[in-house]
1. In sequence order, what are the phi-derived ³J(HN,Hα) couplings for region 216-229 according to the Karplus relation 6.51 cos²θ - 1.76 cosθ + 1.60 with θ = phi - 60°, rounded to whole Hz, with x for glycine and proline?
2. Nearest 10 degrees, 0 to 90: what angle lies between the long axis of helix 151-163 and the longest principal axis of the chain (Cα atoms)?
3. For the chain, what is the convex hull (Cα atoms) projected area averaged across all directions, in square nanometres?
4. Any chance you could count the Lys pairs in region 67-205 whose alpha carbons are under 16 Å apart, treating pairs 8 or more apart or on different chains as valid?
5. Write down the accessible area per residue of the chain in Å², having rolled a 1.4 Å probe over the full set of protein chains.
6. Please work out the FRET efficiency for the pair Ser217 and Lys114, using the Cβ-Cβ distance as r and a Förster radius of 30 Å; give the result to the nearest 0.05.
7. Looking at the square roots a ≥ b ≥ c of the eigenvalues of the Cα gyration tensor of region 1-133, which shape do they give, rounded for a/c under 1.5, prolate if a/b is larger than b/c, or oblate?
8. Could you work out how far helix 35-47 tilts from the main Cα principal axis of the chain, as a 0 to 90 degree angle to the nearest 10?
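The values are calculated or read from the model by the stated rules, or taken from the named source; none is laboratory data. Just so it is clear, the structure is predicted and the values come from calculations on it, not from any experiment. Cβ placement follows ideal geometry from the backbone for every residue including glycine, while neighbour counts extend to all protein chains displayed. Keep in mind that these areas ignore ligands, DNA and RNA; they rest on the heavy atoms of the full protein, side chains included. Shrake-Rupley method; radii C 1.70, N 1.55, O 1.52, S 1.80 Å.
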Amino acid sequence: MKVIRTISQMQALSLAARKTGKSIGFVPTMGALHSGHLHLVERALAENDIVVCSIFVNPIQFTNPGDLEKYPRTFGKDSVLLEAIGCDVVFYPDVAEMYPEPVTHTYDFGMLEKVMEGLYRAGHFNGVAIVVKKLFDIVLPHKAYFGEKDYQQLAVIQSLVKLESMDIEIIPCPIVREPDGLAMSSRNARLTPEQRKAAPFIFETLVKAAQLYKSRSVELVIDTVCESIAANPDMELEYFEISDTETLAPIRGEKPHRPVVACIAVYMGQVRLIDNMIFNL
Ligand code: PAF
(Lines give C-alpha, C1' and ligand atoms only; values in the text may rest on other atoms or scores of the structure.)
Protein backbone atom coordinates (compact mmCIF):
# COMPACT_ATOMS: atom_id res chain seq x y z
CA MET A 1 0.00 0.00 0.00
CA LYS A 2 1.36 3.39 -1.01
CA VAL A 3 1.17 6.35 1.38
CA ILE A 4 1.17 9.64 -0.54
CA ARG A 5 1.57 12.99 1.20
CA THR A 6 1.65 15.47 -1.68
CA ILE A 7 -1.01 16.64 -4.11
CA SER A 8 1.32 16.41 -7.11
CA GLN A 9 2.23 12.76 -6.41
CA MET A 10 -1.40 11.81 -5.85
CA GLN A 11 -2.54 13.49 -9.07
CA ALA A 12 0.30 11.88 -11.03
CA LEU A 13 -0.66 8.41 -9.77
CA SER A 14 -4.35 8.93 -10.62
CA LEU A 15 -3.62 10.37 -14.07
CA ALA A 16 -1.33 7.43 -14.86
CA ALA A 17 -4.00 4.95 -13.68
CA ARG A 18 -6.68 6.67 -15.78
CA LYS A 19 -4.38 6.61 -18.84
CA THR A 20 -4.15 2.84 -18.63
CA GLY A 21 -7.95 2.56 -18.38
CA LYS A 22 -8.06 1.72 -14.65
CA SER A 23 -11.08 2.76 -12.58
CA ILE A 24 -10.44 4.62 -9.34
CA GLY A 25 -12.65 4.25 -6.28
CA PHE A 26 -12.27 6.81 -3.50
CA VAL A 27 -13.14 6.79 0.20
CA PRO A 28 -12.55 10.18 1.87
CA THR A 29 -12.15 9.99 5.66
CA MET A 30 -10.80 11.93 8.60
CA GLY A 31 -9.11 8.80 9.97
CA ALA A 32 -9.86 7.11 13.31
CA LEU A 33 -11.15 4.31 11.12
CA HIS A 34 -13.78 1.84 12.29
CA SER A 35 -15.65 -1.01 10.60
CA GLY A 36 -18.01 1.50 8.95
CA HIS A 37 -15.09 3.02 7.02
CA LEU A 38 -13.64 -0.41 6.24
CA HIS A 39 -16.99 -1.45 4.71
CA LEU A 40 -16.75 1.57 2.38
CA VAL A 41 -13.21 0.59 1.36
CA GLU A 42 -14.23 -3.04 0.84
CA ARG A 43 -17.13 -1.98 -1.36
CA ALA A 44 -14.79 0.30 -3.33
CA LEU A 45 -12.31 -2.58 -3.73
CA ALA A 46 -15.05 -4.81 -5.14
CA GLU A 47 -16.12 -2.19 -7.70
CA ASN A 48 -12.86 -0.56 -8.89
CA ASP A 49 -9.34 -1.39 -10.10
CA ILE A 50 -7.60 0.97 -7.67
CA VAL A 51 -8.84 2.24 -4.30
CA VAL A 52 -7.64 5.43 -2.67
CA CYS A 53 -8.56 6.30 0.91
CA SER A 54 -7.77 9.81 2.14
CA ILE A 55 -7.06 10.61 5.77
CA PHE A 56 -7.27 14.32 6.50
CA VAL A 57 -8.76 15.98 9.58
CA ASN A 58 -10.22 18.97 7.78
CA PRO A 59 -9.94 22.00 10.09
CA ILE A 60 -12.37 24.19 8.14
CA GLN A 61 -15.36 21.91 8.73
CA PHE A 62 -15.11 22.07 12.53
CA THR A 63 -17.31 24.71 14.11
CA ASN A 64 -15.96 24.05 17.59
CA PRO A 65 -12.17 24.34 18.12
CA GLY A 66 -12.31 21.89 21.06
CA ASP A 67 -13.84 19.26 18.79
CA LEU A 68 -11.04 19.71 16.23
CA GLU A 69 -8.39 19.43 18.92
CA LYS A 70 -9.96 16.29 20.43
CA TYR A 71 -10.61 14.57 17.11
CA PRO A 72 -8.73 11.24 17.34
CA ARG A 73 -5.61 11.04 15.13
CA THR A 74 -4.59 7.41 14.75
CA PHE A 75 -2.69 7.20 11.46
CA GLY A 76 -0.49 4.24 12.53
CA LYS A 77 -3.49 2.07 13.41
CA ASP A 78 -5.51 3.30 10.41
CA SER A 79 -2.83 2.41 7.90
CA VAL A 80 -2.45 -1.11 9.34
CA LEU A 81 -6.22 -1.64 8.96
CA LEU A 82 -6.25 -0.31 5.40
CA GLU A 83 -3.27 -2.40 4.35
CA ALA A 84 -4.86 -5.53 5.85
CA ILE A 85 -7.98 -5.20 3.66
CA GLY A 86 -6.01 -4.46 0.50
CA CYS A 87 -6.43 -0.70 0.04
CA ASP A 88 -4.04 0.44 -2.70
CA VAL A 89 -3.26 4.04 -1.75
CA VAL A 90 -3.62 6.26 1.31
CA PHE A 91 -3.59 9.97 0.60
CA TYR A 92 -2.44 11.61 3.84
CA PRO A 93 -1.72 15.30 3.28
CA ASP A 94 -1.06 17.88 6.00
CA VAL A 95 -2.96 21.14 6.45
CA ALA A 96 -0.32 23.26 4.66
CA GLU A 97 -0.48 20.97 1.64
CA MET A 98 -4.28 21.19 1.41
CA TYR A 99 -4.64 24.86 2.34
CA PRO A 100 -1.57 26.84 1.24
CA GLU A 101 -3.83 29.92 1.04
CA PRO A 102 -6.77 30.91 3.27
CA VAL A 103 -10.08 29.57 1.97
CA THR A 104 -12.62 32.15 0.79
CA HIS A 105 -15.06 30.27 -1.44
CA THR A 106 -18.68 30.03 -0.27
CA TYR A 107 -21.12 27.50 -1.66
CA ASP A 108 -24.88 27.89 -1.58
CA PHE A 109 -26.68 24.61 -1.03
CA GLY A 110 -30.03 26.27 -0.25
CA MET A 111 -32.30 24.34 2.11
CA LEU A 112 -29.80 21.46 2.38
CA GLU A 113 -27.46 23.54 4.53
CA LYS A 114 -30.08 25.51 6.44
CA VAL A 115 -31.65 22.68 8.44
CA MET A 116 -30.44 20.29 11.14
CA GLU A 117 -26.59 20.13 11.10
CA GLY A 118 -26.57 23.34 9.08
CA LEU A 119 -28.58 25.19 11.73
CA TYR A 120 -26.38 24.10 14.61
CA ARG A 121 -23.02 24.09 12.83
CA ALA A 122 -23.03 27.14 10.56
CA GLY A 123 -20.28 26.87 7.93
CA HIS A 124 -19.76 23.15 8.50
CA PHE A 125 -21.02 22.04 5.10
CA ASN A 126 -19.11 24.76 3.29
CA GLY A 127 -15.94 23.35 4.88
CA VAL A 128 -16.94 19.81 3.89
CA ALA A 129 -17.76 20.85 0.31
CA ILE A 130 -14.47 22.72 -0.11
CA VAL A 131 -12.36 19.80 1.05
CA VAL A 132 -14.35 17.21 -0.90
CA LYS A 133 -14.09 19.28 -4.11
CA LYS A 134 -10.32 19.59 -3.55
CA LEU A 135 -9.96 15.88 -2.82
CA PHE A 136 -11.96 14.98 -5.93
CA ASP A 137 -9.71 17.24 -8.04
CA ILE A 138 -6.62 15.58 -6.55
CA VAL A 139 -7.69 11.91 -6.51
CA LEU A 140 -9.70 12.08 -9.77
CA PRO A 141 -11.99 9.17 -8.84
CA HIS A 142 -14.66 7.54 -10.98
CA LYS A 143 -16.68 6.59 -7.90
CA ALA A 144 -16.68 8.00 -4.36
CA TYR A 145 -18.17 6.21 -1.35
CA PHE A 146 -19.98 7.92 1.53
CA GLY A 147 -21.82 6.50 4.54
CA GLU A 148 -25.53 7.21 4.97
CA LYS A 149 -24.94 7.93 8.65
CA ASP A 150 -24.04 11.46 7.59
CA TYR A 151 -27.25 11.70 5.60
CA GLN A 152 -27.19 15.48 5.22
CA GLN A 153 -23.52 15.46 4.22
CA LEU A 154 -24.34 12.92 1.51
CA ALA A 155 -27.14 15.17 0.19
CA VAL A 156 -24.74 18.16 0.16
CA ILE A 157 -22.07 16.17 -1.70
CA GLN A 158 -24.59 14.97 -4.28
CA SER A 159 -25.57 18.60 -4.76
CA LEU A 160 -21.88 19.66 -4.96
CA VAL A 161 -21.20 17.15 -7.75
CA LYS A 162 -24.15 18.58 -9.71
CA LEU A 163 -23.20 22.22 -9.01
CA GLU A 164 -19.61 21.64 -10.15
CA SER A 165 -20.63 19.32 -13.05
CA MET A 166 -18.18 16.69 -11.82
CA ASP A 167 -18.16 13.34 -13.60
CA ILE A 168 -18.04 11.29 -10.38
CA GLU A 169 -20.54 8.71 -9.23
CA ILE A 170 -21.46 9.13 -5.58
CA ILE A 171 -22.19 5.78 -3.96
CA PRO A 172 -24.26 5.98 -0.75
CA CYS A 173 -23.50 3.09 1.63
CA PRO A 174 -25.81 1.87 4.45
CA ILE A 175 -25.12 2.76 8.09
CA VAL A 176 -22.97 0.15 9.84
CA ARG A 177 -24.13 -0.52 13.40
CA GLU A 178 -22.61 -2.16 16.46
CA PRO A 179 -24.44 -5.36 17.53
CA ASP A 180 -26.45 -3.26 20.04
CA GLY A 181 -27.61 -0.85 17.31
CA LEU A 182 -25.28 2.11 17.95
CA ALA A 183 -24.25 3.62 14.60
CA MET A 184 -20.49 3.27 14.14
CA SER A 185 -18.65 6.58 14.48
CA SER A 186 -15.12 7.70 15.30
CA ARG A 187 -16.69 9.69 18.13
CA ASN A 188 -17.89 6.52 19.91
CA ALA A 189 -14.30 6.03 21.11
CA ARG A 190 -14.69 9.22 23.20
CA LEU A 191 -17.66 7.87 25.19
CA THR A 192 -17.04 6.74 28.78
CA PRO A 193 -17.92 3.05 29.42
CA GLU A 194 -21.20 4.21 31.06
CA GLN A 195 -22.07 6.49 28.14
CA ARG A 196 -21.23 3.73 25.66
CA LYS A 197 -23.65 1.41 27.49
CA ALA A 198 -26.40 4.02 27.33
CA ALA A 199 -25.79 5.14 23.72
CA PRO A 200 -27.88 2.46 21.88
CA PHE A 201 -30.92 4.28 23.31
CA ILE A 202 -30.64 6.59 20.28
CA PHE A 203 -31.16 3.69 17.85
CA GLU A 204 -33.90 2.18 20.04
CA THR A 205 -35.71 5.53 20.05
CA LEU A 206 -35.53 5.72 16.25
CA VAL A 207 -36.87 2.16 15.89
CA LYS A 208 -39.84 2.99 18.16
CA ALA A 209 -40.44 6.27 16.34
CA ALA A 210 -40.44 4.45 12.96
CA GLN A 211 -43.19 2.18 14.29
CA LEU A 212 -45.19 5.09 15.74
CA TYR A 213 -44.90 7.02 12.46
CA LYS A 214 -47.02 4.37 10.70
CA SER A 215 -50.13 5.27 12.69
CA ARG A 216 -49.61 8.68 14.34
CA SER A 217 -48.96 12.25 13.23
CA VAL A 218 -45.50 13.65 12.48
CA GLU A 219 -45.97 16.13 15.33
CA LEU A 220 -46.76 13.38 17.83
CA VAL A 221 -43.74 11.33 16.73
CA ILE A 222 -41.48 14.39 17.15
CA ASP A 223 -42.89 15.17 20.62
CA THR A 224 -42.51 11.54 21.71
CA VAL A 225 -38.86 11.39 20.63
CA CYS A 226 -38.09 14.76 22.28
CA GLU A 227 -39.71 13.60 25.53
CA SER A 228 -37.97 10.24 25.64
CA ILE A 229 -34.52 11.73 25.01
CA ALA A 230 -35.23 14.49 27.57
CA ALA A 231 -36.09 11.79 30.14
CA ASN A 232 -32.74 10.06 29.60
CA PRO A 233 -30.24 11.46 32.13
CA ASP A 234 -27.22 10.65 29.89
CA MET A 235 -28.48 12.54 26.86
CA GLU A 236 -29.26 16.02 25.63
CA LEU A 237 -31.18 16.34 22.37
CA GLU A 238 -29.89 18.86 19.85
CA TYR A 239 -32.47 18.12 17.18
CA PHE A 240 -34.85 15.49 15.91
CA GLU A 241 -36.34 16.15 12.50
CA ILE A 242 -38.52 14.28 10.03
CA SER A 243 -37.66 15.43 6.53
CA ASP A 244 -38.05 14.93 2.82
CA THR A 245 -35.37 12.43 1.74
CA GLU A 246 -34.11 14.67 -1.08
CA THR A 247 -34.69 18.32 -0.20
CA LEU A 248 -34.45 17.72 3.58
CA ALA A 249 -37.39 20.12 4.01
CA PRO A 250 -39.07 19.39 7.36
CA ILE A 251 -42.34 17.46 7.07
CA ARG A 252 -45.37 18.73 9.01
CA GLY A 253 -49.09 18.04 8.75
CA GLU A 254 -50.13 15.50 6.15
CA LYS A 255 -47.68 12.61 5.80
CA PRO A 256 -46.37 12.00 2.27
CA HIS A 257 -46.83 8.55 0.73
CA ARG A 258 -43.13 8.31 -0.10
CA PRO A 259 -40.51 7.41 2.56
CA VAL A 260 -39.13 10.20 4.78
CA VAL A 261 -35.88 10.46 6.71
CA ALA A 262 -35.73 10.95 10.48
CA CYS A 263 -32.48 12.53 11.68
CA ILE A 264 -31.29 12.98 15.24
CA ALA A 265 -28.34 14.64 17.01
CA VAL A 266 -27.71 13.97 20.69
CA TYR A 267 -25.03 15.10 23.12
CA MET A 268 -23.67 12.58 25.59
CA GLY A 269 -21.46 14.79 27.75
CA GLN A 270 -19.11 16.51 25.29
CA VAL A 271 -19.64 13.90 22.58
CA ARG A 272 -22.12 14.67 19.83
CA LEU A 273 -23.67 11.65 18.13
CA ILE A 274 -25.89 11.62 15.03
CA ASP A 275 -28.04 8.91 13.53
CA ASN A 276 -30.92 8.59 11.08
CA MET A 277 -33.50 6.15 9.76
CA ILE A 278 -35.86 5.98 6.81
CA PHE A 279 -39.52 5.91 7.93
CA ASN A 280 -42.25 4.36 5.81
CA LEU A 281 -46.00 4.49 6.22
O1 PAF B 1 -17.36 12.31 6.70
C2 PAF B 1 -16.18 12.67 6.87
O3 PAF B 1 -15.36 11.96 7.45
C4 PAF B 1 -15.75 14.04 6.40
O5 PAF B 1 -16.76 14.98 6.53
C6 PAF B 1 -15.18 14.04 4.97
C7 PAF B 1 -16.24 13.66 3.95
C8 PAF B 1 -14.00 13.08 4.88
C9 PAF B 1 -14.69 15.44 4.62
O10 PAF B 1 -13.70 15.88 5.48
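1. 10, 6, 4, 4, 5, 4, 4, 4, 5, 5, 4, 5, 6, 5
2. The angle comes out at about 50 degrees.
3. Averaged projected area of the chain's Cα convex hull equals 14.9 nm².
4. The number of close lysine pairs in region 67-205 is 5.
5. On a per-residue basis, the chain sits at 47 Å².
6. 0.80
7. Here region 1-133 falls in the prolate category.
8. Computed tilt is about 50 degrees.
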